[in-house]
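For reference, the structure discussed in these notes is given below.
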Amino acid sequence: MPTGVYNSTTPYMPISPSHGVRSAGLLLMLSLFAVLSSASNWTAPEEQLARRIAGITGPGAVALEITNASSLSRADYDEVRRGLTTQLAYLGLRFVNPDQAAGSVHITLSEDLQNYVWVAEIHQGNNESSVVMVSLPRPAAAIGVREANPLTVHKTLLWSKDERILDATVIDGNPSHLAVLSGDKLDLYGFRDGRWQPEQSFPVTHAHPWPRDLRGRLILRQDHLFDAHLPGVFCKSTTTAPLSLNCRESDDPWPVGSDQFHLSAFFAPARNFFPGVLVPGVGKQSSAPAFYSAATLPRDKYTLALFAGVDGQVHMLDGVSDRTAGNLAWGSDIASVHTECGSGWQVFATQSGTGPVDTIRVYEVPDREPVLMSAPLEFSGAITALWAESNGNTAVAVLRDSESGKYEAYRLTINCGQ
């Protein structure tokens with residue numbers, strides 16, 4: 001498109017007062033047109049979403065809630081909210097308190113990398129919830145808003161050793177303790193004199209050989225110290241000192257959710273993945289495609305569960321539908337954490353780097369489109385495990401160093417952008 005240029009006034013051309021008035025009037029009209037054009041950017045999606053909502057609810061009394069989970073400014077949010085309520089009222093919806101409503105409509109204004117995505121969840125009586133949505137392109141200036149204040153990931157080395165580390169977790173207290181799970185034992189360390197010092201070592205007994213790609217998970221408990229899950233084996237610590245570890249053969253499901261949303265899945269003891277049977281499930285969905293790891297993101301009215309599938313796809317279950325997230329190039333390990341940053345929930349995702357270097361990035365999922373929120377955090381080797389800690393706001397990554405061959409366990413924390 002041609003660019004505008006400044007033209008000076010033609011020499012010796014007199015400018016009459018009436019010409020000045022007409023020019024001022026023209027400028028005013030252009031200014032008003034620009035304002036109206038800007039405002040009308042929201043009109044089409046407002047009408048479209050309102051029609052889709054009314055097509056399900058019909059005219060009547062509803063409880064309406066509109067949440068802004070996007071980078072829209074307060075002024076734009078207020079404008080969109082007014083536009084949506086006006087359109088819905090025009091189509092016959094009346095807004096009342098929840099105890100007086102025949103149904104409820106929760107609209108979330110979210111976004112992905114390229115578009116604003118407006119989603120409406122509709123609940124009516126005992127009927128299944130309905131979801132409708134519209135999307136519209138984000139202006140170029142808005143797309144960079146999330147990138148202006150990225151989140152920062154920090155890693156803290158917890159332990160390093162020659163034997164394989166399956167998982168590790170910090171037990172807060174005075175003093176703090178560190179539990180490190182290996183294939184044949186669980187080591188417990190106490191933090192004294194500025195470093196972790198060995199205290200106890202518990203054997204992990206098992207009747208069958210371990211699979212080649214061994215995995216394990218540590219979970220802290222309130223009524224006893226911790227549980228350890230390994231393929232076909234469940235270990236539980238005693239409740240009182242001196243501590244001991246009792247292991248037995250078991251096909252019990254492993255916890256893969258969070259303290260905010262308890263989700264477990266059965267593990268294939270002869271393999272290295274979860275076949276997909278969930279306990280208790282995500283909404284009405286009691287199974288997922290076979291997966292390596294999961295991340296749960298509790299919402300106000302439902303939970304979004306992400307699964308790093310063995311098919312290379314990231315599957316997203318919301319209790320009703322299963323959608324894939326496209327070509328994210330995520331690795332097989334993901335974990336969700338609850339922080340004070342951004343929307344409050346983030347996802348750690350592994351990704352293969354250049355040569356022997358693996359990376360971890362942080363994403364947010366405002367609706368169904370993951371948004372990158374951090375620069376890649378590099379590790380000097382292949383990441384072999386990534387689990388959220390029981391506190392819910394940190395995670396532990398385990399890698400095998402490409403040079404030394406040792407296994408290293410790191411605690412991952414997220415710092416909010418300034």
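The values are calculated or read from the model by the stated rules, or taken from the named source; none is laboratory data. No experiment lies behind these values; they were computed from the predicted model shown. Virtual Cβ from ideal backbone geometry, glycine too; neighbours counted across all protein chains shown.
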Q) When the residues of the stretch 149-173 are filtered to those that are basic (Lys, Arg) and in contact with a Leu (Cβ under 9 Å, 6 or more places away or on another chain), which remaining residue is farthest from Trp254 (Cα to Cα)? A) Lys155
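Looking only at strands (runs of 3 or more DSSP E) that fall completely inside the stretch 77-142, which ones have 2 or more residues that are touching a Phe, Trp or Tyr at 6+ places or on another chain (Cβ under 6 Å) and touching a residue at least 60 places away in the same chain (Cβ under 8 Å)?
Output list reads 130-137.
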Q. Does the stretch 219-230 contain any residue that is charged (D, E, K, R), closer than 23 Å to Tyr407 by Cα, touching a Leu at 6+ places or on another chain (Cβ under 6 Å) and assigned by TED's automatic domain parsing to the domain that holds Pro275?
A. no
Q) What are the residues in the stretch 56-76 that are within 19 Å of Glu128 (Cα to Cα), in a helix (DSSP H, G or I) and not hydrophobic (A, V, I, L, M, F, W, C), if any? A) Thr57
Q | Pick from the stretch 312-334, criterion of a type in the set (Asp, Glu) and buried (at least 19 other Cβ atoms within 10 Å of the Cβ), ranking: farthest from Phe291 (Cα to Cα) | A | Asp318
Q. If you scan the stretch 334-370, which residues turn out to be among the hydroxyl-bearing types (Ser, Thr, Tyr) and modelled with pLDDT under 90?
A. Ser343, Ser352, Thr354
Q. Within the stretch 397-418, which residues are surrounded by 15 or more Cβ atoms within 10 Å (Cβ to Cβ), under 27 Å from the mean Cα position of the chain (by Cα) and more than 15 Å from Val362 (Cβ to Cβ)?
A. Val398, Leu399, Arg400, Glu408, Ala409
Q. What are the residues in the stretch 89-120 that are within 14 Å of Trp42 (Cβ to Cβ) and modelled with pLDDT of 90 or more, if any?
A. Ile107, Trp118
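Scan the strands (runs of 3 or more DSSP E) fully inside the stretch 230-310 and keep the ones with 3 or more residues being over 23 Å from the mean Cα position of the chain (by Cα) and in contact (Cβ under 8 Å) with a residue 12 or more places away in the chain. Step through it out loud before you land on a result.
On the way: elements: 233-237, 245-249, 277-282, 285-287, 291-298, 303-309.
Here the list reads 233-237, 245-249.
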Q: Quick one: which residue in Gly173, Gly216, Gly232, Gly194 is modelled with pLDDT of 90 or more and more than 26 Å from Thr359 (Cα to Cα)?
A: Gly232
